[in-house]
Amino acid sequence: MNKVIVSKEDGIVHVRINRPEVLNACDGDTYNAIADAWDNLENDPTLRVGILSGEGRSFCVGTDVKWVNSPGAQAFVNRLYPRLLSLTKPVISAIQGHCNGGGLEQALGTDIRVCADNAHFGFGEIKLGWIPGGHGTQRLPRAMPLGPALELLYTGGRIDAADAYRLGLVNYVVPQDQLMAKCERIAAEIVKAAPLAVQKMKTVVMQGLDLPLTEAVKLEKENFKSC
């Protein structure tokens, strides 16, 4: 059984984590397969946007703890999170059920997050004596207010879909049976837009977040001219 299912249609690539028996916990093979899918999105000119989801009743509970404790796991180099940082094409997360740890880090690495009304979110690493290692400590405070972000990180607590929407962590909350349709409608609108302009838009926004305003405006002007 493939740990990740990839399908393509009308400029959209669907990437589905396929380990429902462990609530889509990711081992090394799974992380690498997802990274391969995003490499393909970046490099295939026929693909314009990705949708990340999980099979079964969970989006992703994070890293498979049994795998982490297995021989050789500590030598594993995770390519996924650096790939998400450098990806110039948009990705949408379709989130249902558990979205925790490395699963939440993957969702935070996407551009638009849509969740079902049964979704819940959190980082439980602190309870295991870890801290997030997939950019969660940096992305979460950029995606929602600092105080609630720190509370989640310090306590290992959870928030539900309604709180995630209230805090700006997700763009939409929809009934579970409408989740993928909503994501596909957003993706279809992105596909209609000029492809190079979309990539420039993402690059300028993401790079500009880390620049002083005067430098960010220069970056915008340069890319406006190139368009």
(Q) For the pair residue 220/residue 146, report the inter-label distance in nm, with labels modelled 7 Å from Cα in the Cβ direction. (A) 2.4 nm
Q) At q = 0.09, 0.10 Å⁻¹, what is the log10 ratio I(q)/I(0) for the range 25-170, with the Debye formula run over Cα points and no solvent? A) -0.26, -0.32
Q: Any lysines with Cα under 23 Å of the residue 182 Cα? List them, leaving off those in the same chain fewer than 8 positions away.
A: 8, 89, 192, 202
Q | Reciprocal mean inverse distance between Cα atoms of the range 1-82 - Kirkwood radius, Å | A | 13.3 Å
Q: Find which of 204, 126, 18 sits farthest along the positive direction of the dipole of the chain, computed with +1 on the beta-carbon of Lys and Arg, -1 on that of Asp and Glu, about the Cα centre.
A: 204
Q | Highest-MSF residue in the chain out of 169, 140, 150 [GNM, Cα springs under 10 Å] | A | 150
Q.
Per residue, how much accessible surface does the chain expose to a 1.4 Å probe? Answer in Å², no decimals.
A. 50 Å²
Q: With the full set of protein chains in place, find how many percent of the accessible area of the range 87-194 is carbon and sulfur; take the probe as 1.4 Å.
A: 55 percent
Q) What is the magnitude of the charge dipole of the range 1-160 about its Cα centre, with +1 placed on the Cβ of each Lys and Arg, -1 on the Cβ of each Asp and Glu, and no other charges, expressed in debye to the nearest 20? A) 200 debye
Q) Projected onto the charge dipole of the range 65-175 (+1 at Lys/Arg Cβ, -1 at Asp/Glu Cβ, origin at the Cα centre), which of 101, 157, 80 gives the Cα projection farthest towards the positive end? A) 80
Q: Please give the calculated 222 nm ellipticity per residue for the chain, where each DSSP H segment of at least 4 residues contributes -39500 (n - 2.57) and the sum is spread over every residue; nearest 500 deg cm²/dmol?
A: -13000 deg cm²/dmol
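The values are calculated or read from the model by the stated rules, or taken from the named source; none is laboratory data. What you see is a predicted model; the values in this text were computed from it and never measured. When we count neighbours, we look across all protein chains shown, and the Cβ atoms used for this are built from the backbone with ideal geometry, even at glycine. We work out accessible area using only protein heavy atoms, side chains counted, and drop any ligands, DNA or RNA first. Shrake-Rupley method; radii C 1.70, N 1.55, O 1.52, S 1.80 Å.
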